[in-house]
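Visitor: Pasting a structure below so you can have a look.
What follows draws every value from the coordinates through simple rules; no lab data is involved. The structure displayed is predicted, hence computed values, not measured ones. Using ideal geometry, Cβ is built from the backbone for each residue, glycine included, and neighbour counts are taken over all protein chains shown.
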Amino acid sequence: MTLFFPKKHYDSNYRRHLFALLKPFIKEAGYNDENRVLNYGISEKDIAFAKSIDEADFVVLTMSWMYYVITKQVDKAVAFIKESNQLGKKVIVALPSDFGINIPKKLDVIIIREQGYKSKLSSNHYCVPVFIEDPLKKYYNRAIVFKRPYTVLPTVGFCGQVDNSKLEALKEVTKIIARNALSYLRVWYKKPHKIIATKYLRSKLLRLLQNNAKIKSNFILRKQHRGGVERLKNRDIHQTTLDFFDNIKDSDYVLCARGVGNFSVRFYETLAMGRIPVFINTDCMLPHEAYLNWKDHVVWVDYKDRHSVADIVTEFHSKLDDEKLNNLFEANRKLWEDKLKLKTYFLTLFKYI
């Protein structure tokens, strides 16, 4: 598999906007393949880089589309895409953001994005997972999923930010409406969002689960994102982070509902830990959904059915036993390893497209 990207587009000042698959390969001098495999799980043997567009199997735009928008270089990106299109190549463009951004429809591109409203997107949009470090390896020094005995009452976990204040929900909704208005007026370059107070939504769902006698709840509720340690340098080893992953480990299921963007990082963390997401579908995209039956891996709760979340969980759980529960734990971990890590995601995507 050979890849081409315009090297001159790389801007080290905006490295976080670099196309994800390029990050292991655009590094400082002295960074070797052993470091690459250790830190990213991918080797220089896995990807070949073409010297020209016409020699490549796939062409990617070096930086995210948002980078070109905020640095006022959209014309530069468009020119490269048109050049590639003239040579019969589609260009893969990354759109990482909590909000969507318009890309000219006349361009022949494949768009990968973490979020979006599935019903509003065309077929050239693909969901990319949030790439995370392996939590089992990092926090528990193991690659094998923790087993749990099957019990009649399913244990549903959640550790994170919620707010049951209707006043705060109103404030959040007002912000969304204001942003949407600016978007419709083309004052703001990001696309409109559905009007959902997400912290309040999580709070309501958790109350429904907690108040149901057929559910064993395992909740750690916080007023601030990541317990207020978001800016700390050692946040990845802070006790709040350890509590977060212990909460997943000590649960059968984990509530995964959207945040500011229409996606959930917790969803991927739950799979990586070998647990079962209770997935609240708010018109979400999911990776590889064209050929992967996600309902085999998650408790699927459509937004319109959210008030029945506890019943849906208990019905799902009632069909399992000790062996089936732990087999599903292992299957979810394997899914993350085989399809949702940096290397495995892109190899699967390239094979499909």
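Visitor: Please build a GNM for the chain, connecting alpha carbons under 10 Å apart, and tell me which residue among Glu28, Glu289, Glu337 fluctuates the most.
Guide: Among Glu28, Glu289, Glu337, the largest mean-square fluctuation in the Gaussian network model of the chain belongs to Glu28.
Visitor: May I ask you to derive the FRET efficiency for Ser119 and Leu320 from their Cβ-Cβ distance with R0 = 45 Å, giving the value to the nearest 0.05?
Guide: 0.90
Visitor: Which percentage, to the nearest 5, of the DSSP beta bridges contained in the range 220-353 is antiparallel?
Guide: Bridges in the range 220-353 that DSSP calls antiparallel: roughly 0 percent.
Visitor: Once Lys and Arg get +1 and Asp and Glu get -1 on their Cβ, which of Asn281, Cys256, Val309 lies farthest toward the positive end of the dipole of the range 236-313?
Guide: Asn281
Visitor: Let me ask another. Enumerate by residue number the trypsin sites (Lys or Arg not before Pro) in the range 112-160 meeting two conditions: DSSP loop (anything except H, G, I, E, B), and at most 15 other Cβ atoms within 10 Å of the site's Cβ.
Guide: Passing both the DSSP loop test and the Cβ count: Arg142, Lys147.
Visitor: Which ordering of Ile220, Ile248 is given by a fewest-first count of other beta-carbon atoms within 10 Å?
Guide: Neighbour counts put them in this order, fewest first: Ile220, Ile248.
Visitor: Grab the beta carbon distance between Asp283 and Ala143, set R0 = 30 Å, and tell me the FRET efficiency rounded to 0.05.
Guide: That gives a FRET efficiency of 0.30.
Visitor: Could you tell me how many degrees, from 0 to 90 and to the nearest 10, lie between the Cα long axis of helix 342-352 and the main elongation axis, the longest principal axis, of the Cα atoms of the chain?
Guide: Long axis of 342-352 versus the principal axis of the chain: about 70 degrees.
Visitor: Return the calculated 222 nm mean residue ellipticity for the chain, to the nearest 500 deg cm²/dmol, obtained by summing -39500 (n - 2.57) across DSSP H runs with n ≥ 4 and dividing by the residue count.
Guide: It lands at -10000 deg cm²/dmol.
Visitor: Of the residues Ala79, Ala169, Ala272, which exhibits the maximal mean-square fluctuation in a Gaussian network model of the chain defined by a 10 Å Cα contact cut-off?
Guide: In this elastic network of the chain, the residue with the biggest mean-square fluctuation among Ala79, Ala169, Ala272 is Ala79.
Visitor: Continuing with the same structure: Return Glu55, Glu172 ranked ascending by Cβ neighbour count within 10 Å, so the fewest neighbours appear first.
Guide: Final ranking by Cβ density, sparse to dense: Glu55, Glu172.
Visitor: Give the label of the value calculated from the structure for Rg/Rh (Cα atoms, Kirkwood Rh), choosing from [x] 1.03; [y] 0.97; [z] 1.37.
Guide: [y]
Visitor: Let me ask something else about it. Gaussian network model of the chain, Cα springs within a sub-10 Å range: biggest mean-square fluctuation belongs to which of Pro149, Pro277, Pro129?
Guide: Ranking Pro149, Pro277, Pro129 by mean-square fluctuation puts Pro149 first.
Visitor: Another question about this same structure. Give the cross-link partners of Lys324 among the lysines, using a straight C-alpha distance below 22 Å as the criterion and excluding same-chain residues fewer than 8 apart.
Guide: Within reach: Lys147, Lys214, Lys216, Lys249, Lys295, Lys334, Lys339.
Visitor: Additional query: Considering only DSSP beta bridges where both residues belong to the chain, give the percentage that are antiparallel (nearest 5).
Guide: If we restrict to bridges inside the chain, about 5 percent are antiparallel.
Visitor: Taking Cα atoms, how many degrees apart are the long axis of helix 166-184 and the longest axis of the chain, rounded to 10 and kept between 0 and 90?
Guide: That helix lies at roughly 20 degrees to the long axis.
Visitor: Note down the relative contact order for the chain as a percent, whole number, built from C-alpha pairs under 8 angstrom at least six residues apart.
Guide: Rounded, it is 17 percent for the chain.
Visitor: Here's something else I'd like to know. To the nearest Å, what is the center-to-center distance of the range 1-60 and the range 235-310, using C-alpha atoms only?
Guide: 30 Å
Visitor: Further question: What FRET efficiency would be calculated for the residue pair Glu330, Glu28, taking the C-beta separation as r and a Förster radius of 30 Å, to the nearest 0.05?
Guide: Computed FRET efficiency for Glu330 and Glu28: 0.20.
Visitor: Quick check for me: using +1 on Lys/Arg Cβ and -1 on Asp/Glu Cβ, what's the dipole size of the range 208-353 about its Cα centre, in debye to the nearest 20?
Guide: The dipole of the range 208-353 has a size of about 580 debye.
Visitor: Which net charge results when you count Lys and Arg as +1 and Asp and Glu as -1 among the other residues whose beta-carbon is under 13 Å from that of Phe19?
Guide: Surrounding charge for Phe19 is +4.
Visitor: Oh, and also: Subtract the Cα-Cα distance of Lys7 and Asp305 from 0.36 nm times their separation in residues, and report this length gain in nm to one decimal.
Guide: 102.5 nm
Visitor: Quick check: residue separation of Glu83 and Trp188 times 0.36 nm, minus the Cα distance between them. What number comes out in nm?
Guide: Extra length available between Glu83 and Trp188 comes to 34.9 nm.
Visitor: Next question. Nearest 20 debye, what's the magnitude of the dipole of the chain about its Cα centre given +1 on Lys and Arg Cβ and -1 on Asp and Glu Cβ?
Guide: That gives the chain a dipole magnitude of about 1160 debye.
Visitor: How tilted is helix 198-210 with respect to the longest principal axis of the chain? Cα atoms for both, answer in degrees (0 to 90, nearest 10).
Guide: Helix 198-210 and the main axis of the chain meet at about 30 degrees.
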